[in-house]
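The values are calculated or read from the model by the stated rules, or taken from the named source; none is laboratory data. Treat the numbers as computed from the prediction; the structure is a model and nothing was measured. FYI the Cβ positions are ideal-geometry reconstructions off the backbone, even for glycines, and counts take in every protein chain you see.
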Amino acid sequence: MKVFFAILFLSLTTFFNAANAAQYVTQCPIEDPNEVVAFCTGENNLGITFPAKTSSQEVKAYPFGVGCLGSTPSPSWFIMQIEDEGNLELTMTHSRNEDIDFACWGPFEGKSKTEVLDKICADPDKYFISPDESGNPYINLCEKKYYRYIDSTARMCFEEKTGLSIEYAYFYPTEYYECEDYAASLVPADIENDYNNSLMYSPYDGEASDCYVTMDESEFTMKDCSYSGDYTEYCNIRNAKRGDWYVLLITNYSMMPGNIFFNKTGGTATTNCKIIVDATCTGPYCIGDNIQFVINNKPQNATFQWRGPNGFTSTEAEPVIPKATPENAGSYFVKMHSGDETSDEVEVIVTVGEKYEKDTTITIDPAHPIFFGGQEITQPGTYTHKFLSEGGCDSLVTLTATSTDIPKASSTGPYCEGEDIHFLVKNKTADATFQWRGPNGFTSDEAEPTLPNATLKEKGSYYVKMQKEGRTSEEVEVIVSISKKDVVDTTVVLQQGESFLFGNEEISEPGTYTHTFQNVEGCDSIVTVTLTDTKVTISNSGPYCEGETILLIIEEIAENTEIKWMGPNNFQSDEKSPQIENADKSKAGTYSLYVKRGEKEIPVANTHVIVKESIEEEIVKELTIGDTLLFGDLVIDKSGKYSQTLQTEEGCDSIVTLIVRAKLDEKTTIHPEEFFTPNGDGANDTWQIQNIELYLDATVYIYDRHGKLIRKFQPYEIGNEWDGTDLNEKKMPSGDYWYVIDINSIDKMYVGHVTLLR
């Protein structure tokens, strides 16, 4: 099953991996910081456990996985703090030996768990950075901004379209791709232009645009990650410092209930066990809120002792302080008692913000509106709005606005030649009249006049006065700008291997191209370009399986052209058709062909090499007695462990191990009789074993109470049943005798006793 999700993950993430830069998030992946559980790797005598979640939902911020994780089912978030510095090998195990996976981020700074989580969730794009599959050391900021816009817009579209949360995009890929296409069509022109222009550069050619930022390994906060099928995972952290915090996402892939065990198996670093009594509060709070304390990992039957400001004490696990006041702010402390153990005191800091009320009066000019609480104010009246103070609490402000009679006039420009000029007055009333004047002898008494088919003669300053209730306002100036449209023809001659960015398209084919641009004033300019060039095309003979030879091919190029290949894993070659031995994932990715022009190397073509991984998978099947199972070219009729080398859909070898177990039911289970009476009366003279005839390979042993072997039967069948005699046909006395029934074909042994009565 994990193979299927891995393939689906690769398919769904093609769009994001095309960016070829570090992964990023647009929202904090930790939805509820109060559910992040603190842990350590030292002794835990308090009975604290760390349950693995069994929810079918995934992390909303990672609908298509993150880092090496192809999916994030049943996610649990944990946090630890370093006590002694050094390297640390951390082992995580599911208590029921079920498959788990993980990703680890850090190091983070902070005085407490709450401070750390507030900091990293305030800017997740900064603190949840994971390298891309190719390990590129740079980020294209223009590309990142482009895909962030598409990502956030597609998320909203998907949730509105389906009524489902984004983590269900796995099961509705068609709807998500439709939203993705829709989001791509809405990208603002400045973001899209910056993105397209950035693709003309390579951060390795010495002429990279300002979009690129180089990163080294230390800047990636994702420190380790595993998506294996094992129930034990190993997280390796190098050079951990005292006081550093690390956040772990552990996914319970099987969704089986159980606990996560944390152990240190290597390194000199240690973790802080004082934090595992995971006490916090749901604040910050405002005056009047209820203060709620929370213990994330309290064991059953544990007791607690709280103390805090104003003489506060409580023995409840999660006490509540109703209707908070500023006097309730400060440090609270709690101890946990579990069995004979008592924890260290844990500090929980509570903040209580104040609320404010304010009245103010202002005179407004209709020509210059003000903004109050996101609302544009142009008319007199009383307006009320709740603002958030610095402490995050509501502050009520009442604004009384008075106004003059100056008209608020504007136009819908700027304009280009041929467009209609429209004038607007926002504060006009039915009893007001207007008087307009402007360039080229323009006059009008309409409230909002229109000038059709504008020319350059109409640009300049227009003036309007408003008359109302016998009063005439001052003249208000409205400046109208009109720009000229341009028509340009040009010819561009390209050298071999070069390309030309024209509009939003990078072109290298000969021909005539026309594009409508916007000039500096925002008006259309029609540009026609005639382009000549020779095409260069490349390919590869993939996709490949691990261990095969990668062959890069130039299909068309002018003779005597100097070239250079560059690709993943620092690959470089000046051969026309280079070969790369022993393909693996590190050699997969985009290979680029450059044409040398003097000291310059011009990128001309790319080919993407795909390397398919070999897969090892273990499957468990039950087999009913008497049935057979076809596995590859094997016909299996009994339990055991079988291995076959099969081919995946991509044609690569996969080693599949099948564990066959016997399926037992009432018709196939052995039922030995509890007693028999070998007295020759024709009833119960021999010991009967129900269903023993189904197992020809069964061996039956009879022992006396001293452990001495009395009889051995193989097979045990009609005419060959125990009649109460030993190996020498001597009649055994009444009493209890022990039996062992060993059935090799189902790998099962029955042990018990039978009573002989004479």
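Data overview
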item: Within segment 690-718, tally of residues that are part of a loop (DSSP other than H, G, I, E, B) and aromatic (Phe, Trp, Tyr); result: 2
item: Check on Ile377, under 30 Å from Lys111 (Cβ atoms), at pLDDT 75 or above, surrounded by 16 or more Cβ atoms within 10 Å (Cβ to Cβ) and not aromatic (Phe, Trp, Tyr); result: no
item: Exclusive hit being of a type outside the set (Phe, Trp, Tyr) and touching a helix residue (DSSP H, G or I) at 6+ places or on another chain (Cβ under 6 Å), set Asp685, Asp697, Asp681, Asp726; result: Asp697
item: Filter result for Glu159 (crowded, with 16+ Cβ neighbours inside 10 Å, modelled with pLDDT under 85 and of a type in the set (Asp, Glu)); result: yes
item: Residue ID - nearest to Lys612 (Cα to Cα), chosen from residues in segment 636-676 that are among the acidic types (Asp, Glu) and in a loop (DSSP other than H, G, I, E, B); result: Glu650
item: Residue list for segment 82-104, filter: crowded, with 24+ Cβ neighbours inside 10 Å and more than 23 Å from Ser254 (Cα to Cα); result: Leu88
item: Residue match in segment 496-504 (condition: at pLDDT below 80, among the hydroxyl-bearing types (Ser, Thr, Tyr) and touching a strand residue (DSSP E or B) at 6+ places or on another chain (Cβ under 6 Å)); result: yes
item: Contacts under 6 angstrom Cβ, first residue in segment 173-188 being more than 11 Å from Ile150 (Cα to Cα), partner in a helix (DSSP H, G or I), 6 or more apart; result: Glu175/Lys161; Glu175/Thr162; Tyr176/Phe158; Tyr176/Ala169
item: Selected residue (only one of Asn297, Asn301 is at positive phi, among the polar types (S, T, N, Q) and outside the structural domain of Leu88 (by TED's automatic domain parsing)); result: Asn301
item: Counted residues, segment 53-71 - those being under 17 Å from Gly258 (Cα atoms) and either β-branched (Val, Ile, Thr) or surrounded by 23 or more Cβ atoms within 10 Å (Cβ to Cβ) (or both); result: 1
item: Some residue of segment 344-357 being more than 21 Å from Thr282 (Cβ to Cβ), of a type outside the set (Lys, Arg) and part of a strand (DSSP E or B); result: yes
item: Filter result for Glu613 (of a type in the set (Asp, Glu), under 28 Å from Ala558 (Cα atoms), in contact (Cβ under 8 Å) with a residue 40 or more places away in the chain and surrounded by 14 or more Cβ atoms within 10 Å (Cβ to Cβ)); result: no
item: Positions within segment 261-274 being part of a strand (DSSP E or B), surrounded by fewer than 18 Cβ atoms within 10 Å (Cβ to Cβ) and of a type in the set (Ser, Thr, Tyr), in sequence order; result: Thr265
item: Selection status of Val277, under 25 Å from Lys111 (Cα atoms) and crowded, with 21+ Cβ neighbours inside 10 Å; result: yes
item: Residue list for segment 68-84, filter: in contact with a Pro (Cβ under 8 Å, 6 or more places away or on another chain) and of a type outside the set (A, V, I, L, M); result: Ser76
item: Qualifying residue in segment 250-273 (condition: in contact with a helix residue (DSSP H, G or I) (Cβ under 9 Å, 6 or more places away or on another chain) and among the aliphatic types (A, V, I, L, M)); result: no
item: Scan of segment 397-446 for residues that are of a type in the set (Gly, Ala, Ser), surrounded by fewer than 19 Cβ atoms within 10 Å (Cβ to Cβ) and not in a strand (DSSP E or B), ordered by number; result: Gly418, Ala430, Ala432, Gly441
item: Residues being of a type outside the set (Gly, Ala, Ser), under 22 Å from Val37 (Cβ atoms) and surrounded by 14 or more Cβ atoms within 10 Å (Cβ to Cβ) - total across segment 281-334; result: 20
item: Segment 161-203: number of residues that are outside any helix (DSSP H, G or I) and on the phi < 0 side of the Ramachandran plot; result: 11
item: Any chance Asn504 is within 40 Å of the chain's Cα centre (by Cα) and exposed (fewer than 13 other Cβ atoms within 10 Å of the Cβ); result: yes
item: Condition met for Ile538 (buried (at least 19 other Cβ atoms within 10 Å of the Cβ) and modelled with pLDDT of 85 or more); result: yes
item: Pairs where the first residue, in segment 619-636, is assigned by TED's automatic domain parsing to the domain that holds Tyr695 and within 26 Å of Glu666 (Cα to Cα) and the second is of a type outside the set (Asp, Glu) and part of a loop (DSSP other than H, G, I, E, B), C-beta under 8 Å, 6+ apart; result: none
item: Any hit, segment 726-733, residues being assigned to a strand (DSSP E or B), of a type in the set (D, E, K, R) and loosely packed, with under 12 Cβ neighbours inside 10 Å; result: yes
item: Residue, surrounded by the fewest Cβ atoms within 10 Å (Cβ to Cβ), within segment 542-575, restricted to residues that are outside any loop (DSSP other than H, G, I, E, B) and hydroxyl-bearing (Ser, Thr, Tyr); result: Ser573
item: Pair list, Cβ under 8 Å, 6 or more apart: segment 699-725 residue closer than 19 Å to Arg758 by Cβ, other residue acidic (Asp, Glu); result: Arg705/Asp736; Ile710/Asp704; Ile710/Asp726; Arg711/Asp726; Asp723/Asp685
item: Residue count for segment 420-451, restricted to those that are touching a strand residue (DSSP E or B) at 6+ places or on another chain (Cβ under 8 Å) and within 30 Å of Asp486 (Cβ to Cβ); result: 11
item: Qualifying residues in segment 248-274 (those that are of a type in the set (A, V, I, L, M, F, W, C) and either without any contact (Cβ under 8 Å) to a residue 40 or more places away in the chain or touching a Cys at 6+ places or on another chain (Cβ under 7 Å) (or both)) - the one nearest to Cys40 (Cα to Cα); result: Cys273
item: Selected residue (only one of Asn679, Asn684 is part of a loop (DSSP other than H, G, I, E, B) and in contact (Cβ under 8 Å) with a residue 40 or more places away in the chain); result: Asn679
item: Failed condition for Glu618, given (1) farther than 30 Å from Gly511 by Cβ; (2) of a type outside the set (Lys, Arg); (3) not in a strand (DSSP E or B); result: (3)
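Residues checked against (1) modelled with pLDDT under 90; (2) outside any loop (DSSP other than H, G, I, E, B); (3) closer than 20 Å to Val116 by Cβ:
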position: Glu31; (1), (2), (3): yes, no, yes
position: Asn34; (1), (2), (3): yes, yes, yes
position: Glu43; (1), (2), (3): yes, no, no
position: Leu46; (1), (2), (3): yes, no, no
position: Thr49; (1), (2), (3): yes, no, no
position: Ser55; (1), (2), (3): yes, no, no
position: Glu58; (1), (2), (3): yes, no, no
position: Asp84; (1), (2), (3): no, no, yes
position: Leu90; (1), (2), (3): no, yes, yes
